[in-house]
Amino acid sequence: MRRVMPGTNIAPLPPDEIQRFLKEHLAYRLALIRDAIPRVPAQSLADDQAFEAAAVAGRVILDFLGIGYDQKREYLKAERTHRCVNGLTDDVKVIDLGGHYVDLAELNEEEAATLTRFIHGVHKACAHLTASKHGLDVATFQAAAPLIQRLYEKHIQSA
């Protein structure tokens with residue numbers, strides 16, 4: 001847990017923690033995404049499991065990069081806050097590792113629509129069981145996965 005300082009500054013991560021996130025936590029999630037790409041559309045339970053793990057990992061990476069989702073309006077929003085309890089946070093965002101947030105204006109219309117469908121679909125398909133159509137289909141995943149990887153690489157490059 002890190003202290004949230006006055007003016008919404010977050011205490012910095014030590015260099016060894018930064019390296020641990022880059023080499024373990026984020027590398028693991030990116031590997032989940034890469035593993036699932038050739039396995040979609042799924043042909044087995046293992047492929048379905050890879051798909052779901054990659055979807056959740058992709059959503060985590062988007063949150064890390066500062067991309068959120070407004071459920072009421074069904075569009076992307078900047079999500080740059082560290083969730084805090086009693087003046088402490090355990091959230092880690094791209095800026096904590098020396099990178100920079102994604103500016104939503106840099107996404108073209110198709111990319112924004114893809115990520116909107118992806119996040120909405122992950123929320124519906126992976127976060128709870130729902131009876132409604134979630135939209136996390138093969139085409140959405142196949143478009144979102146490389147986009148998420150590209151955004152990660154571009155925005156973490158300074159770390």
In region 62-75, how many are more than 15 Å from residue 143 (Cα to Cα) and part of a helix (DSSP H, G or I)?
2
State all residues of region 99-146 that are at pLDDT 90 or above, among the hydrophobic types (A, V, I, L, M, F, W, C) and assigned to a loop (DSSP other than H, G, I, E, B); if no residue qualifies, say none.
102, 107
Give region 83-98 a look and list any residue that's under 15 Å from residue 2 (Cα atoms) and assigned to a loop (DSSP other than H, G, I, E, B), or say none.
83, 84, 86, 87, 90, 91, 92, 93
Among 59, 80, the single one that is without any contact (Cβ under 8 Å) to a residue 24 or more places away in the chain and either surrounded by 16 or more Cβ atoms within 10 Å (Cβ to Cβ) or part of a loop (DSSP other than H, G, I, E, B) (or both) is 80
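If I filter region 28-37 for residues that are surrounded by fewer than 16 Cβ atoms within 10 Å (Cβ to Cβ), at pLDDT below 95 and over 16 Å from residue 142 (Cα atoms), do I get at least one hit? Full working, then the answer.
Going through region 28-37, the residues surrounded by fewer than 16 Cβ atoms within 10 Å (Cβ to Cβ) turn out to be 28, 31, 34-35, 37.
In the following step, the residues that additionally are at pLDDT below 95 were identified as none.
Within region 28-37, none of the residues are surrounded by fewer than 16 Cβ atoms within 10 Å (Cβ to Cβ), at pLDDT below 95 and over 16 Å from residue 142 (Cα atoms).
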Enumeration of residues in region 20-49 that are part of a helix (DSSP H, G or I) and farther than 20 Å from residue 150 by Cα:
20, 45, 46, 47, 48, 49
Consider region 64-76. How many of its residues are exposed (fewer than 15 other Cβ atoms within 10 Å of the Cβ) and either closer than 15 Å to residue 145 by Cβ or of a type in the set (D, E, K, R) (or both)?
4
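The values are calculated or read from the model by the stated rules, or taken from the named source; none is laboratory data. These numbers come from a predicted model, not from an experiment. We place every Cβ from the backbone using ideal geometry, glycine too, and count neighbours over all the protein chains shown.
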